[in-house]
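First comes the structure, then the notes that go with it.
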Amino acid sequence: MIVPAQAARKSTADARFEDLYRSSHQDVFAYVSSLLRDRSLAEDVTATAFERAYRRSNSFDPKRGSQRAWLFGIARNAALDELRRGKRVRALESEPVAGDAPVVESAEASIRRAAIGEAMKKLTARERELVGLKFFAGLKTTEIATVISASESATAMRVHRTIEKLRRACNEAH
C-alpha cells in the first residue's frame, strides 16, 4: 500500500521525468539517429532509452553529472546495444535524420547541408558520436566525458580535433 508521502514523492518524480522527456526527447532522437542512421530504428531505441531511464530514475546521482548527461548515457548504451545486435542492415552512407527539419530551405542551406553530409561521411563512427553529443544533444564537454566514460581533458581534445576535421572536410566539399 502506498502511503501519502510516497505518493507525493512518486508524483513529483513523475513530473520531473515528464519535464526531462519533454525537454530532451527530440535531442535524444536526433542523437540516436546520428548513431543508427535509421529513422524507425532510432524511434524504437529512443523509446527504449526513455523506458530504461524511467525504470532506473532512482539510480540517478546528481553528484555524477546532470540528469541530461545521465539520460544520454542511457540512450548511447541502448543505441550501441542495437548496433551490436546487428538485426538490421544499416546504410552508413545515408544522411542523418533531422528532428523536424523544414521542408523548404534556401539554396545556400541546401548546399551547406550537402557539404556537411559529405563531411560527416569522412568521420569515423566515434567522431560522428562526438558530433552528435555536442550538436544534436547540446551537451557540454564535461557531460560528454561522463557519457563516453573518458576524462574531461581527453574528451575536450577529441571534440576539438573532430570539429576541426569536420570543418576541413566541409571546406573541401565547397
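Every number here is computed from the coordinates shown, using simple stated rules; none is lab data. Bear in mind that the values here come from a model prediction, so they are computed numbers and not experimental data. We place every Cβ from the backbone using ideal geometry, glycine too, and count neighbours over all the protein chains shown.
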**Asked** What net charge do the residues around Ser59 carry, taking every other residue with its C-beta under 15 Å from that of Ser59, with Lys and Arg at +1 and Asp and Glu at -1?
**Response** +4
**Item:** Residue-count net charge about Ile74 - beta-carbon cut-off 9 Å; Lys, Arg +1, Asp, Glu -1
**Value:** +3
**Request:** Could you run the Karplus curve 6.51 cos²θ - 1.76 cosθ + 1.60 with θ = phi - 60° over the stretch 55-64 and give me ³J(HN,Hα) per residue in whole Hz, x for Gly and Pro?
**Result:** 5, 9, 4, 7, 8, 5, 10, x, 5, 8
**Prompt:** With θ set to phi - 60° and the Karplus curve 6.51 cos²θ - 1.76 cosθ + 1.60, what are the ³J(HN,Hα) couplings of the stretch 109-123 in order, to the nearest whole Hz, using x for Gly and Pro?
**Reply:** 5, 5, 5, 4, 4, 5, 5, 5, x, 5, 5, 4, 5, 7, 8
